[in-house]
Amino acid sequence: MRSVLSARQEECLRLTAFRTDREIAAVLGISEATVKKHVHEACQRLGVKRRKAALALLAPVGTSGLTPAPALVPVEAAPPVATTPVAASAAIPAARLGYRAPPRNALARAAMIAGLAVVLMATTTTLTHMMADYHRALGRLDPAGLAASATVRPTAAYN
């Protein structure tokens, strides 16, 4: 089976796992814009929008017939994922790729926002009450005793 990606696209995509576009460009001797173009094309051919998702769909190094140079890609950099890039895109759940799409239904989105707002208000209210209780407890202590212990009196050794 032929790979859907060119050798350069796959090489650039694999290198994005542990290097920046600028570093990849320096190593491969191409411009940073070319690296970005190769990675973008690879993502489009694999049918994903994110680099992480494209990396997850790539076959491990050596199974596609395209083996990067050992000086460029360490052994531990190859992600152990699906063996067929295009067919596996439907089999991999979105949560595994590190991205969960928001609900498309407007009512579900509104419910999610309202739920988060309620949780935030409850947390804020609880923390406010806890701080008020703490300040009330401090007010019950003897203010003269606190003031006396807080002042530092010079001793005869420092005179």
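The values are calculated or read from the model by the stated rules, or taken from the named source; none is laboratory data. What you see is a predicted model, and the numbers here were worked out from it, not measured in a lab. Cβ sites come from the backbone with ideal geometry, for glycine too, and all protein chains shown count toward neighbours. Heads up: the accessible areas ignore ligands, DNA and RNA and are worked out on the full protein's heavy atoms, side chains in. Shrake-Rupley method; radii C 1.70, N 1.55, O 1.52, S 1.80 Å.
Points worth noting:
- Within region 9-48, the only residue that satisfies the criterion of being open to solvent by 50 Å² or more (accessible area, probe 1.4 Å), in a helix (DSSP H, G or I), among the aliphatic types (A, V, I, L, M) and in contact (Cβ under 8 Å) with a residue 24 or more places away in the chain is Val27.
- Verdict on Ser31 being among the polar types (S, T, N, Q) and either in contact with a Cys (Cβ under 8 Å, 6 or more places away or on another chain) or modelled with pLDDT of 90 or more (or both): yes
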